[in-house]
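Written below as structure tokens is the structure these notes are about.
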Amino acid sequence: NQTFAFDLQYYAASQGKDGYNDSSNCAEGAYLFKPDRYQRWQYPYSRLDGTHIEESGQYISQWTFKFVNKLDGQFAIVKVKFSPYFSALVQFDVELNGIPVMADDQGKDVTVNWRMLDFEANSTFWTDSNGLEMQERILNYRPSWNWSGDQNISSNYYPVNSAIAMRDSSTSRQV
């Protein structure tokens with residue numbers, strides 16, 4: 001068994017006036033994850049409202065959690081599904097009800113953050129490559145060029161289409 005935690009948080013999006021080195025200083029857009037340079041911390045997107053539903057049947061076993069932002073009424077639904085075919089397979093579906101930007105004119109990058117407790121991966125993990133193969137990823141490292149820490153937040157995020165994996169270096173457990 002592996003104990004883990006997850007939450008929903010967001011980064012304030014860059015408005016294009018942040019002075020990143022070797023950057024065009026363009027504002028963040030639909031295909032550009034670029035948090036504001038001067039706000040490099042995450043804000044809570046919502047909090048678990050204390051309710052969850054456990055559903056089970058012949059082909060489905062899942063827990064459904066509702067996260068609510070009390071300030072603006074936005075919410076997110078997180079469904080944790082367990083495979084009936086592979087006992088070690090867990091699927092997360094995250095549905096956002098909206099991302100509030102009108103009140104403060106600030107774009108937001110919502111992230112789902114998983115923390116594996118009692119787990120040491122030596123900063124190494126694998127992500128899918130559009131279903132073609134798993135690619136090894138190492139935090140703050142690039143094999144084909146010298147990594148610069150100027151945009152360390154966005155340079156350590158990867159789009160995950162179907163799978164992400166980590167291996168505990170001391171016990172060889174894999175998630």
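Overall, the accessible surface of region 114-175 at a probe of 1.4 angstrom is composed of carbon and sulfur to the extent of 49 percent. By the scheme Lys and Arg +1, Asp and Glu -1, what is the net charge of all other residues having a beta-carbon under 14 Å from that of Glu136? Here the charged neighbours net out to +1.
Modelled spin labels at Met134 and Ala163, positioned 7 Å past Cα toward Cβ, are 0.6 nm from each other. What the phi angles of region 125-141 give under the Karplus curve with 6.51, -1.76 and 1.60, with θ = phi - 60°, is a coupling list of 8, 10, 10, 6, 10, 6, x, 8, 6, 8, 9, 6, 10, 10, 4, 6, 8 Hz, glycine and proline written as x. Taking every protein chain into account, the accessible area of region 61-175 amounts to 66 square angstrom per residue (probe 1.4 Å). Straight-line cross-link reach from Lys34 at under 23 Å between alpha-carbon atoms covers these lysines, not counting any fewer than eight positions away in the same chain: Lys17, Lys108. Using only Cα atoms, locate the centre of region 153-169 and the centre of region 103-124, then give the distance between them in Å, rounded to an integer. Each part's Cα centre sits 10 Å from the other's.
The values are calculated or read from the model by the stated rules, or taken from the named source; none is laboratory data. Just so it is clear, the structure is predicted and the values come from calculations on it, not from any experiment. All Cβ positions, glycine included, derive from the backbone under ideal geometry; neighbour counts span all protein chains shown. Just the protein is used for accessible areas: all its heavy atoms, side chains included, with ligands, DNA and RNA removed. Shrake-Rupley method; radii C 1.70, N 1.55, O 1.52, S 1.80 Å.
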